[in-house]
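Below is one structure; the comments refer to it alone.
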Amino acid sequence: MRRTKEQAEQTRCAILAAAETLFLERGVAHTSLEHIARQAGVTRGAVYWHFENKAHLFHEMLSQVRLPPEQLAERLRGCAGQEPLLALHELCIEAIENLAHNQQKRRIFTILLRRCEFTEELREAEQRHEAFINQFIALCEQQFAQPAVSARLQPGMSPRLAARALHALIVGLLSDWLRDPTLFDPLQDTGALIDAGFRGLIRDWPG
């Protein structure tokens, strides 16, 4: 039984790896489950045994490189008694620096941001992705809404706007670096770029 489970997990990983390779090469819309099965060296039935459809497979591929909302919330609660924004600040830097450290994350985010068209076939995956984004923004807003933080926001900046601005900064940096890695060094420059964003949101953010 154990060997069967191990084989099933190996097959699942092979399918995900094949999908990642083909999505990056061909784009998501131009890759079928038949293509993925051939690339993985398995039957199409094996693909359907592990994944309901292409949207499910795409979602599971994304889940390999991003923290579930529960873990995100735990990370953001990890600075109790300290500066409430420190964990959020570190999380933002980590998200960008990981592009340099983690090749799989780089490939998958390239697929998401540059090789994916959310067609009707991927509607379910799009909805799940949007739900994840909204959960992240809501967690950020909770941090900015803490009394010790909201009193320090720049004039005219609400916790709601601050959360959306920070998310836009992260997505913009991810997308720009994946488009042209010469724009900045994720290991050398990310701290300064994220700090600039926080200074635009928080009046007394240290220089």
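Quick notes on this one:
- When P186 is tested against (1) assigned to a helix (DSSP H, G or I); (2) surrounded by 13 or more Cβ atoms within 10 Å (Cβ to Cβ), exactly one condition is not met: (1).
- Residue list for segment 1-44, restricted to those being within 18 Å of E60 (Cα to Cα), assigned to a helix (DSSP H, G or I) and of a type in the set (S, T, Y): T11, T21
- Only residues that are touching a residue at least 40 places away in the same chain (Cβ under 8 Å) and either touching a His at 6+ places or on another chain (Cβ under 8 Å) or outside any helix (DSSP H, G or I) (or both) were counted in segment 113-143, giving 10.
- Test: residue in segment 131-149 that is crowded, with 16+ Cβ neighbours inside 10 Å and more than 19 Å from R75 (Cβ to Cβ): no
- Selection within segment 148-183 - of a type in the set (S, T, N, Q) and not in a helix (DSSP H, G or I): Q154, S158, T182
- The residues of segment 8-28 include none that are acidic (D, E), closer than 15 Å to Y48 by Cα and at pLDDT 95 or above.
The values are calculated or read from the model by the stated rules, or taken from the named source; none is laboratory data. Bear in mind that the values here come from a model prediction, so they are computed numbers and not experimental data. Virtual Cβ from ideal backbone geometry, glycine too; neighbours counted across all protein chains shown.
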